[in-house]
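**Q** Let me give you the structure first, and then I'll get to my questions.
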Amino acid sequence: MHDPNPEFEDDDDFDGPSKSQLKRDMTALQKLGEELLALPESRWEPLALPEILYDALRHAKKITNFEGKRRQIQYIGKLMRKIDPEPIREAVAAFKLGHAQDSLKLHQSERWRERLLASDEALQEFLAEHADVDIQQLRSLVRAARKDAANEPEKRSGRAFRELFQFIKASEAAAEDE
């Protein structure tokens, strides 16, 4: 007779990851492969990747067809299951952090340029923070950029604006090195 409240016996002693978890892990490795593909090839060398993975990555860079690239990335994900992904994760994170820091520095230089064009007090603040800059050159660049900004949009060259930005960027880099 059939028991309405059967006790489930635990004959399956399987403690491994579920099929869904395995799929999530494979998708994560595939995504990591895409991020690795976004890195410059010079960043791959220190990772000591297996030759087959290195070749698959180089081949994927050449593929332009969407479906072909998708399949190649799946293949890269499959190859990555056989290696330790942690060094790759660290390399990708370090590369992204470097880009974020570079962007932050550029934004900071842009803000200085805007402040210098807006007021003379900002010039004094900049000089206080960057004591070793050529004051005369900075004032000349600020004056030229202000003059250019005062022109009608059709008559602006933007050269002084760019030169001021380059000067600020170089001053920031020099201050950071010290």
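**Q** Which of rounded, prolate or oblate describes the range 19-92 when judged by the alpha-carbon gyration tensor and an a/c cut-off of 1.5? Mind showing how you got there, number by number?
**A** Values: a/c = 1.79, a/b = 1.09, b/c = 1.65.
In terms of gyration-tensor shape, oblate.
**Q** Around Ile63, which amide H atoms from residues at least 5 apart in sequence, or from another chain, sit under 5 Å from its own amide H, with H modelled in the peptide plane?
**A** Residues meeting the criterion, in which the H sits 1.01 Å from N, do not exist here.
**Q** Now a separate question. Using 31 Å as the Cα-Cα cut-off, could you pick out the over-long pairs in Lys69/Lys105; Lys69/Lys96; Lys96/Lys169; Lys19/Lys62? Numbers along the way, then the final one.
**A** Values: Lys69/Lys105 34 Å; Lys69/Lys96 23 Å; Lys96/Lys169 21 Å; Lys19/Lys62 33 Å.
Long pairs (Cα-Cα over 31 Å): Lys69/Lys105; Lys19/Lys62.
**Q** Okay, moving on. Work out how much length His107 to Ser119 would gain on full extension: take 0.36 nm times their residue separation and subtract the Cα-Cα distance, in nm to one decimal. Don't skip to the end; give the middle numbers.
**A** Details: separation 12, 0.36 × 12 = 4.32 nm, distance 1.86 nm.
The His107-Ser119 span can extend by a further 2.5 nm.
**Q** Sticking with this one: Most exposed first by the Cβ proxy, i.e. fewest other Cβ within 10 Å, how do Leu47, Leu164, Leu138 rank? Don't skip to the end; give the middle numbers.
**A** Details: Leu47 16, Leu164 24, Leu138 19.
Ordered by Cβ neighbours within 10 Å, fewest first: Leu47, Leu138, Leu164.
**Q** Another question, if that's okay. Just to check, using Stokes-Einstein with a Kirkwood Rh over alpha carbon pairs, what's the diffusion coefficient of the chain at 37 °C and 0.692 mPa s in µm²/s? Numbers along the way, then the final one.
**A** On the way: Rh = 21.6 Å.
For the chosen part, D equals 152 µm²/s.
**Q** Filter the DSSP H helices in the chain by two things, a Kyte-Doolittle mean of at least -1.0 and an axial alpha-carbon span of 20 angstrom or more, and list the hits by number. Walk me through the intermediate numbers first.
**A** Working: long enough: 19-38 (29 Å, -0.55); 66-80 (21 Å, -0.79); 86-118 (48 Å, -0.66); 135-150 (22 Å, -0.33); 159-177 (27 Å, -0.29).
Helices meeting the criterion: 19-38, 66-80, 86-118, 135-150, 159-177.
FYI, it's all coordinate maths here, none of it is from the lab. As the structure is a prediction and not an experimental result, all values here were calculated from the model. Quick reminder, even Gly has a Cβ in these numbers, built from the backbone with ideal geometry, and neighbours come from all protein chains shown.
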